[in-house]
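Participant: This is the structure, below, for whatever I ask next.
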Amino acid sequence: MYPPGYRSDITFMGLFPTAIPKGEPVIGVAAVGSAEHTFTNIPPGTYYLLACEVRFGAHPLKALSQNYRAKADFPITFEAATTPDPVHLTMRMPLPEDPPITMNFPALLARYLPSPRKSQ
């Protein structure tokens with residue numbers, strides 16, 4: 001959830017095996033114009049839910065240091081036959097104690113954003 005009246009451009013959300021991401025998520029999505037998503041087909045395991053926004057036109061050197069982000073306050077465990085309760089995140093600006101966001105955004109954009117259709 002973003003602050004009232006705020007609309008993000010792209011919100012990346014992912015389930016990571018560690019609290020500080022060290023690569024791509026186990027499962028993730030780049031949501032354009034929306035901050036809600038329901039993951040399906042999640043492999044069994046314990047994960048950390050992290051989210052961050054990328055704004056169109058943001059200066060590349062500031063894009064990941066002045067963006068909204070959020071993380072679940074606890075790890076989430078997925079087992080084969082169970083469905084965990086929904087998790088709601090509150091997006092906020094970075095705090096000094098936050099670890100840097102170093103995910104490879106160009107690769108995530110290419111992987112998770114729908115590709116444009118070719119004109120016929």
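The values are calculated or read from the model by the stated rules, or taken from the named source; none is laboratory data. Not measured: the values here are computed from a predicted model. Reconstructed Cβ throughout: ideal geometry from the backbone, glycine too, with neighbour counts over all protein chains shown.
Participant: Given the structure, is T40 of a type in the set (S, T, Y), more than 22 Å from P99 (Cβ to Cβ) and loosely packed, with under 11 Cβ neighbours inside 10 Å?
Facilitator: Criteria met by T40.
Participant: Next question, about the same structure. Within the stretch 46-67, which residues are under 13 Å from F12 (Cβ atoms), among the aliphatic types (A, V, I, L, M) and modelled with pLDDT under 85?
Facilitator: If the condition is that a residue be under 13 Å from F12 (Cβ atoms), among the aliphatic types (A, V, I, L, M) and modelled with pLDDT under 85, then V54, A63, L64 are the ones that fit.
Participant: Going through the stretch 2-30 one residue at a time, which ones are on the phi > 0 side of the Ramachandran plot and modelled with pLDDT of 85 or more?
Facilitator: Listed by number, the list holds a single entry, G5.
Participant: Mind checking which pairs have a first residue in the stretch 42-61 that is more than 14 Å from A30 (Cα to Cα) and a second that is aromatic (F, W, Y) and modelled with pLDDT of 80 or more, Cβ under 8 Å, 6 or more apart or different chains?
Facilitator: Final answer for the pair search is I42/F78; P43/F78; P44/F78; G45/F78; T46/F78; Y47/F16; Y47/F78; Y48/F16.
Participant: If the requirement is being assigned to a loop (DSSP other than H, G, I, E, B), modelled with pLDDT under 70 and more than 13 Å from the chain's Cα centre (by Cα), which of these qualifies: P43, P106, P94, P116?
Facilitator: P116
Participant: Another question about this same structure. Name every residue in the stretch 7-36 that is in a loop (DSSP other than H, G, I, E, B), more than 10 Å from the chain's Cα centre (by Cα) and touching a residue at least 24 places away in the same chain (Cβ under 8 Å), in order of residue number.
Facilitator: Across the stretch 7-36, the qualifying residues are R7, S8, D9, P17, T18, A19, I20, P21, G23, E24, G33.
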